[in-house]
1. Considering only segment B:89-108, state which residues are farther than 21 Å from B:GLY209 by Cα and either at the interface with another protein chain (Cβ under 7 Å from one of its Cβ atoms) or buried (at least 24 other Cβ atoms within 10 Å of the Cβ) (or both).
2. Restrict the check to segment A:257-271 and report whether at least one residue is buried (at least 22 other Cβ atoms within 10 Å of the Cβ) and within 13 Å of another protein chain (Cβ to nearest Cβ).
3. Scanning segment A:144-170 for residues that are without any contact (Cβ under 8 Å) to a residue 12 or more places away in the chain and part of a helix (DSSP H, G or I), which turns out farthest from A:ILE87 (Cα to Cα)?
4. On the given criteria, is A:ARG366 free of Cβ contacts under 8 Å to residues at least 12 places away in the same chain and at negative phi?
5. Please pick out the residue among B:ALA135, B:ALA149 that is of a type outside the set (D, E, K, R) and more than 9 Å from every other protein chain (Cβ to nearest Cβ).
6. For A:THR392, work out the one condition from (1) closer than 30 Å to B:THR128 by Cβ; (2) at pLDDT 85 or above it doesn't fulfil.
7. Any idea which of A:ASP316, A:ASP356, A:ASP365, A:ASP326 is over 19 Å from the mean Cα position of the chain (by Cα) and modelled with pLDDT of 85 or more?
8. Output the residues belonging to segment B:38-57 that are within 14 Å of chain A (Cβ to nearest Cβ) and either among the hydroxyl-bearing types (Ser, Thr, Tyr) or surrounded by fewer than 17 Cβ atoms within 10 Å (Cβ to Cβ) (or both).
Amino acid sequence: MSVAVTLAPRLAIERIRATKGAGVLDAMAVLAFTVSSWLALTVAGGTWMFFQRWQVEGALSSSQQSGLAVTYVALAGFACALLVIPILGLGGGAARLGARGRVRRLASLRLIGMTSGEVVRISVIETIVQSVVGALLGSAIFVFSLPLWQLLSFQMRPIGIAELLLPWWLWLMVIGALVVLAMASTVLGLRRVTISPLGVARDQTPRRLKRWRLLVVAALVIAFLLYAQFTDIASLIGLVTTVGFLAVVIGSINLVGPWLMQLVARPGARTSNVARLLAARRILDDPRGAWRNVASLAFLGFIAGFVVTMPTTTGDSGPNTFFVHDIQTGVAITLALGLVLAATATLMTQASQVFDRAPESIALDRMGVPATIHLAVRRRLVVVPLAVALGTSVPLGLVLSTVAAVQLESFPVVGVSLLAGTVILGFLLSLGAAEACRPLQDGVLRVQRRRND
Amino acid sequence: MAPAFPPWSTRNMITPSLPRKTLAAHNLSKSYGPVRALADVTFDIPSGQAVAIMGPSGSGKSTLLHCLSGILVPDAGEVSLGGESVSGLKDKHRSLLRRRRFGFVFQDGQLLPELPARENVALPLLLTGIPRNRALKTADEWLGKLGLAGMENRRPGELSGGQAQRIAIARALIHEPEVVFADEPTGALDQATGHEVMQILTATTASSGASLVVVTHDDEVARWCQRLIEIRDAMVHDDQLISRSTR
């Protein structure tokens, strides 16, 4: 048996036993894998349900419902596509959790003579253990949460527990994809560190991002609006190309996001307020990272903005009333799951930073810097990027939704409620996640390691 | 007569017109579970004196520094500054004391990596509410004094170990502390750079009138100080003045 296989579990067990530092991060990684598995299985279960209802003859009561069945599968697939990136992102993030600490630890193993291949294998084994434990816990939560879905109905029929249960091969595919992604993230993360040991801690003046990013996105938005104006969305080709173009525009937010982070943070770097200064400098230090932390919320903000104008009714006795109702429910579920993902990602990032920045925090504490400064910095590091993300994506979603050209008969209560709910919950959950790191920060400062005095 | 401090000096906020004070340890004891780190340690450090605390690994010298600076509270005994208890203060007040009346130099600088040099140095002033422009002006003056003019906007990753440690010294002294604590300040440096850093550290603390407490295991480093306290098995084993010729 190789050294990596025998050593990795021992190291992991000892760390968790210590319940400090890296042990907490290991638990956090398992939590992230648990949440991502649970949500991935839920989304896959929903799609599987619609697929079965479409496939099984007589599953739906009316011919009209049967006619729309394939649309439900397509919409569920679309929701899957919307959530798959944040879900995979959370899994990948968990694999990179505590990068600095892990690198220090692995460097010690290199020093005692382990090869880089063995070190990478140890990390991959650790990740596999964490992700498999997370997948099992996530599967258990998925199963136990199934009865709650019975409270909802789609296609005028309550959701049945059996409908959401995945066949074993599909379960295996979903979990397998998450585990493989986590392994890939670990290997890529370590390779980056091997190439540049300073890559983890940016100690050098960062390069400014250029304005062309904004110009490209603005040009894309204008081009899309013009394109949608002259395209027949009713035709299949028109619909496909418009959706494709829309996806490109949505993706382009990631181009302008880091530039906006930098723009908004810059005034903070010229302040006398220490918490504001540190938060601004940290965002300026890595605007791409700051954006990455809130990118999934930006995505949700875009969806919430886009669906504000969706029809809330087709008339009391309209034949498609159930369809409109189902779309609203589907959007609400997608946003809720996305918010859970985003909050978990924030918790993970902030917790990781508490440990990665432990030496500096301890030094500041010894210099007499109040512990409240750390919390104030963390709050700003959460709120400022979030405000930028939602401030960009919600208006963009609203502007692009005009291509749907829905004639509203009344104030879009449902759409506005979903938007307001997403924004408020987005802020509350993210702030809650930042607040939840307080005990970790206190723990880092409280631990007076007995040095070799 | 009390020294005159510039109008922005944090000393004015805390101890207006008070002279610098003696730091005293009385019968300090501290244990970590069954391990005794300090046992009945007593000595005074008069204002302006540079003291080296030496001892083998595990002797208790870092614990002593942490107790003297109010980072740790001793299990028994008392630390006082000018007769006022330090160890008896609440955690919040000890933090305030450290921020305003003490300065710290750590082994590897512990500068904030995302801040440029001048903001790292200005940090103690910003924390006490000094306006940014004034704080940065003072920081630039300190950087100039320590031979770092032109490096104000460099970040820690763009500086050598010696330069980073000089920035840490400027940060420790910018708010005109009464005592500067240095924990193995040359531990991460080569011998020549270490000498250079000690020369700057002792000269700048002496010129600002602050006391200096250096924890080290290096004889060469200790020779830069005026007095040597040797700790062995948690107790003061030796306490002697270092003659100028030895230095």
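1. Going residue by residue through segment B:89-108, those that are farther than 21 Å from B:GLY209 by Cα are B:89-95, B:107-108.
Selection gives B:SER95 alone.
2. Taking every residue of segment A:257-271 in turn, at least one turns out to be buried (at least 22 other Cβ atoms within 10 Å of the Cβ) and within 13 Å of another protein chain (Cβ to nearest Cβ).
3. Once the filter is applied, the top-ranked residue is A:ALA162.
4. On the way: free of Cβ contacts under 8 Å to residues at least 12 places away in the same chain: yes; at negative phi: yes.
Here the answer is yes, as A:ARG366 does meet what is asked.
5. Values: B:ALA135 fails: more than 9 Å from every other protein chain (Cβ to nearest Cβ).
Answer to the selection: B:ALA149.
6. Only one criterion is unmet by A:THR392, namely (1).
7. On the way: A:ASP316 fails: modelled with pLDDT of 85 or more; A:ASP356 fails: modelled with pLDDT of 85 or more; A:ASP326 fails: modelled with pLDDT of 85 or more.
Answer to the check: A:ASP365.
8. The answer is B:PRO56, B:SER57.
The values are calculated or read from the model by the stated rules, or taken from the named source; none is laboratory data. These numbers come from a predicted model, not from an experiment. Neighbour counts run over all protein chains shown; Cβ positions are idealised from the backbone, glycine included.
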